[in-house]
Amino acid sequence: MNIELTSVTRSFGRNKAVDGVSLDVGPGVLGILGPNGAGKTSLLRMLATVLPPSSGVLRLLDRDPKSTPQRREIRRRLGYLPQNLGYYPAFTVVEFVEYFALLKEVPSARVHKAVATAVERVDLGSRSKARLRTLSGGMLRRVGIAQAIVNNPDLLLLDEPTAGLDPEQRVGFRALLRDFGQTATVVVSTHLVEDVGAACSEVTLMESGHIVFRGTPAELTERGKDHGVGDAPLERGYSAVLQASRKDGVAA
Amino acid sequence: MTATAARDARLARPSVPLLVARVLRMEIRHSAFVWVIPLMALLFFYDPFRTASGYANLWTLRTSVVLNKFWPDCVPFAAGFATWVGSREGRRNVGDLLGTTARAAWTRQLCSLAGTLAWVLGTFLAGVAALYVATATAVTWGGPPIWPAVVGTVSLIAVCAFAFTLGALFPGRFTAPIVAVGILVLVLAVFSKAVSQGGVSVTSLSPDGLVPGNDAGIFYPVAPDVSIVQVMFFAGAALGAVGLLGLSPRTGGVGWRGALDPASAGGTRLRIVATAVFAAGVALAVAGFGLAATARVSSVTGNLEVPALHDSASDKAIPYAPVCAEASGGFQVCVHPAYKNYLSQAVSSFSPVMAEVSGLPGAPVRAVEVFAQTLPADLLNANANGVVAGTPPVYKFTMANAITLEPNAAQFRDGFQQDIVHSVIVGPAGKMVTTQQSGPVYQPDTGTAAQQAVVNGLLKAIGSASYPAGLSAGNPSAQLRQQQAEIATAATRFAALPATTRHAWLTANLAGLKAGRITLADVP
């Protein structure tokens, strides 16, 4: 398993953003759905090793992130796109991606090729020399994705990756996710259920720090069969699970 | 392991020097400091460069602007810019992104700092080089002093490291201007304290200090003691700041909330290294601070010395061959080769006065420039330039008053002439006396009324200013005013005499005049 969580909790003061989550994830694309404040981003940040759990056991890529050498090894094989992408406006696309390739300790001889491949995969080859300050929001998002995949990660964590992408780019991006999911574990946190339906082999639904559903997109769709809220079958499943979990008092 | 497998394994390892070189190249390439350079160039030209160009053509004097002018000009820019770069990760919200990278935050931060230093030091050293080249074309003796450049470089590294760390610890858009202004105020405060205390104390740690005397580094080598202490202190401060950067969980690349978590703060080895760097820096800075407190002025060389570091063997006078020229009547004037540019000016000053006094008892047979420190204490404060002493009499002088930062034409013309006339007619310019109120003070000897009249008459005849009046605090009494008027009248009368008549009268009456037997009425 590339991700093993056992009763993981993360608190911020009195607020439990993630509350006793247990999760095992192997290769494939896992979508994390949930309303605002459900704990998706906190969970992703823990998986990205930028936020340690308050309690519980977390293992990534068969390693313990609490140990510095093991954490370093995890980070070499990790790709992460945060929800709010910060960037250096004066850097060009290639420089920004190369900067992260270097810091992720991509072997020196492979850096140039890895950067070029990553930039091409997000369809920014024609803008590779453009400074980041000149790019649109969608393009910046693609730069963020490029830096996340530049080290060909075994664990790819993407927080709202399709925000700002146009429909054509979204289609291409979903194909990219499926491609990565063949060999790596891809975790995508999103509000957009159609992304999950199109790209994810598995879906997890979070509510108030808990995982309230885990299954395939088809299974989630199935849950919404007799539910009236939502325009699309997957949306109906999403709403049905949330309503059921609230009724069961999971949030409490 | 086969050769191919070994090569693959080697290729799979990231090369740290290559990583650092590439990141550093990006940092240098994208540095915003390039926009500050034109402003700094303008400041450099109008402040240190023009100031140095106005100074006398002496290495130590001219290059003192490196630390006294250029360094303080650079400090606020360097501090502000380093803080701005240091706060970049916080300002740009890239903490999470960078926090997931394998390489320790310290590596990339040191690369950012190195990129900043490359620009700051490049600009500083380019200015230093321009100053040194301009000085090299003007001076006649000696070589470029290395210590101002070394101290300036190390202290700028310390300023940048300190400011960068502050920026990293407290990221925000206002941090940079606050740090820049704060460090500027600190530098100015230290400087003003150094000046007010004469530069001898821990305030001598400030690179921005007093302007050295003309003779610094000319007759005796400049002792590097204080420079070494300054380098120790600033190198320690720089290491301390860099160590703090590595130690601080805040700069571990994860933002404030997760700062104290072990997952974010770097490994044990990094912490050990950072702690060692920090401790070494603090120890070095404290040692430098302590040594600076022991600095004292040498009575022999005039250098600021630190006893624990001082090498007495370096106190030997620098051998030199004086350059000489002849004034009228074969009067020889010799100066140190460093002052060769000013020899003709000195000769033209001696010529008219020697025409008046040569042949008289006590008149000097030649003039020799000596190290100012070897002349009687407080002589220069009494506006004298030297003394006539020895047998045969020799005028030993300094150019300390004639060249106060830049050559003073009036002092060149009048100063030497006044000294020689006074020496021949009256005797020594003054003497040290001890008073109950203020201890030992230098008391000028202006001579009797007749002597004053003859001195001023001779000076008037050669077109020089009157000999400076003696001490007279407050308004002179009516009796004194009347006496001064009588002296002035007698001086004018004596000056109006033909030169041969004056000389003949002096030949006949000098002994009586010096003995005080000649009255004002006796002066022709």
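Considering each of B:Val128, B:Val133, B:Val139 in turn, give the residue that is of a type in the set (Val, Ile, Thr), more than 28 Å from B:Pro177 (Cα to Cα) and modelled with pLDDT of 95 or more. Working first, answer last.
Values: B:Val128 fails: more than 28 Å from B:Pro177 (Cα to Cα); B:Val139 fails: modelled with pLDDT of 95 or more.
Unique residue meeting the criteria: B:Val133.
Okay, residues lined up against (1) within 30 Å of A:Gly137 (Cβ to Cβ); (2) part of a helix (DSSP H, G or I):
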position: A:Ser11; (1), (2): no, no
position: A:Asp19; (1), (2): no, no
position: A:Leu23; (1), (2): no, no
position: A:Gly31; (1), (2): yes, no
position: A:Leu44; (1), (2): yes, yes
position: A:Lys66; (1), (2): no, no
Exercise. Of all residues in region B:358-416, count the ones that are of a type in the set (S, T, N, Q) and assigned to a strand (DSSP E or B).
Key: 1
Exercise. Inspect region B:135-142 for any residue being more than 14 Å from every other protein chain (Cβ to nearest Cβ) and touching a His at 6+ places or on another chain (Cβ under 8 Å) and give the result as yes or no.
Key: yes
Quiz item: Which one is farthest from B:Leu379 (Cα to Cα) among residues in region B:430-463 that are free of Cβ contacts under 8 Å to residues at least 40 places away in the same chain and in a helix (DSSP H, G or I)?
Solution: B:Lys460
Self-check item: Filter result for the condition that a residue is polar (S, T, N, Q) and more than 24 Å from the chain's Cα centre (by Cα), over A:Ser136, A:Ser108
Solution: A:Ser108
Quiz prompt | Output for region A:99-135, where each listed residue is among the small types (Gly, Ala, Ser), away from every other protein chain (no Cβ under 14 Å) and crowded, with 19+ Cβ neighbours inside 10 Å | solution = A:Ala118
Exercise. Quickly run through region A:164-196 and pick out the residues that are farther than 23 Å from A:Thr49 by Cα and small (Gly, Ala, Ser).
Key: A:Gly164, A:Gly172, A:Ala175
Practice problem: Could you list, in sequence order, all residues of region B:267-324 that are within 14 Å of chain A (Cβ to nearest Cβ) and in contact with a Gly (Cβ under 6 Å, 6 or more places away or on another chain)? | Solution: B:Ala274
Quiz item: Mind checking which residues of region B:309-326 are farther than 20 Å from B:Val226 by Cβ and free of Cβ contacts under 8 Å to residues at least 40 places away in the same chain?
Solution: B:Pro319, B:Ala321, B:Val323, B:Cys324, B:Ala325, B:Glu326
Self-check item: Tally of residues being in contact with a strand residue (DSSP E or B) (Cβ under 9 Å, 6 or more places away or on another chain), under 21 Å from A:Glu168 (Cβ atoms) and either acidic (Asp, Glu) or in a loop (DSSP other than H, G, I, E, B) (or both) across region A:193-236
Solution: 2
Quiz item: Which ones in region A:14-28 are farther than 25 Å from A:Asp154 by Cα and without any contact (Cβ under 8 Å) to a residue 24 or more places away in the chain?
Solution: A:Arg14, A:Asn15
Quiz item: Of the conditions (1) buried (at least 23 other Cβ atoms within 10 Å of the Cβ); (2) within 13 Å of chain B (Cβ to nearest Cβ), A:Gly39 fails just one. Which one is it?
Solution: (2)
Quiz item: In region A:164-199, what count of residues is obtained for those that are within 15 Å of the chain's Cα centre (by Cα) and in contact (Cβ under 8 Å) with a residue 60 or more places away in the chain?
Solution: 16
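Starting from residues that are more than 10 Å from chain B (Cβ to nearest Cβ), of a type in the set (A, V, I, L, M) and closer than 16 Å to A:Val18 by Cβ, keep the ones in region A:52-76 and report whichever is surrounded by the fewest Cβ atoms within 10 Å (Cβ to Cβ). Full working, then the answer.
At the first step, the residues of region A:52-76 found to be more than 10 Å from chain B (Cβ to nearest Cβ) are A:55-57, A:59-64, A:70.
Next, from what is left, pick out any that are of a type in the set (A, V, I, L, M): A:57, A:60-61.
Imposing the further condition that a residue be closer than 16 Å to A:Val18 by Cβ reduces the set to A:57, A:60.
Values: A:Val57: 13, A:Leu60: 28.
Filtering first and then ranking leaves A:Val57.
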Quiz item: What's the number of the condition B:Cys324 fails, among (1) at pLDDT below 90; (2) surrounded by fewer than 18 Cβ atoms within 10 Å (Cβ to Cβ)?
Solution: (1)
Quiz prompt | Residue, nearest to the other protein chains (Cβ to nearest Cβ), within region A:77-93, restricted to residues that are surrounded by fewer than 19 Cβ atoms within 10 Å (Cβ to Cβ) and more than 19 Å from A:Arg127 (Cβ to Cβ) | solution = A:Gly86
Quiz item: How about region B:75-108: which of its residues are more than 28 Å from B:Leu125 (Cβ to Cβ) and hydroxyl-bearing (Ser, Thr, Tyr)?
Solution: B:Thr100, B:Thr101
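This table checks each residue for (1) within 33 Å of the chain's Cα centre (by Cα); (2) within 13 Å of chain A (Cβ to nearest Cβ).
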{"position": "B:Leu58", "(1), (2)": "yes, no"}
{"position": "B:Arg62", "(1), (2)": "yes, no"}
{"position": "B:Val65", "(1), (2)": "yes, no"}
{"position": "B:Phe70", "(1), (2)": "yes, no"}
{"position": "B:Trp84", "(1), (2)": "yes, yes"}
{"position": "B:Arg88", "(1), (2)": "no, yes"}
{"position": "B:Val94", "(1), (2)": "no, yes"}
{"position": "B:Leu125", "(1), (2)": "yes, no"}
Quiz item: Taking the stated definitions as given, is A:Gly164 surrounded by fewer than 20 Cβ atoms within 10 Å (Cβ to Cβ) and part of a loop (DSSP other than H, G, I, E, B)?
Solution: yes
Quiz prompt | Failed criterion for B:Ala313 (all others in (1) modelled with pLDDT under 90; (2) surrounded by 15 or more Cβ atoms within 10 Å (Cβ to Cβ); (3) assigned to a helix (DSSP H, G or I) hold) | solution = (2)
Quiz item: Among the candidates A:Lys16, A:Lys40, which residue alone is under 13 Å from the mean Cα position of the chain (by Cα) and not aliphatic (A, V, I, L, M)?
Solution: A:Lys40
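The values are calculated or read from the model by the stated rules, or taken from the named source; none is laboratory data. Because the structure is a prediction, the values reported are computed rather than measured. Cβ: placed from backbone, ideal geometry, glycine included. Neighbour counts: every protein chain shown.
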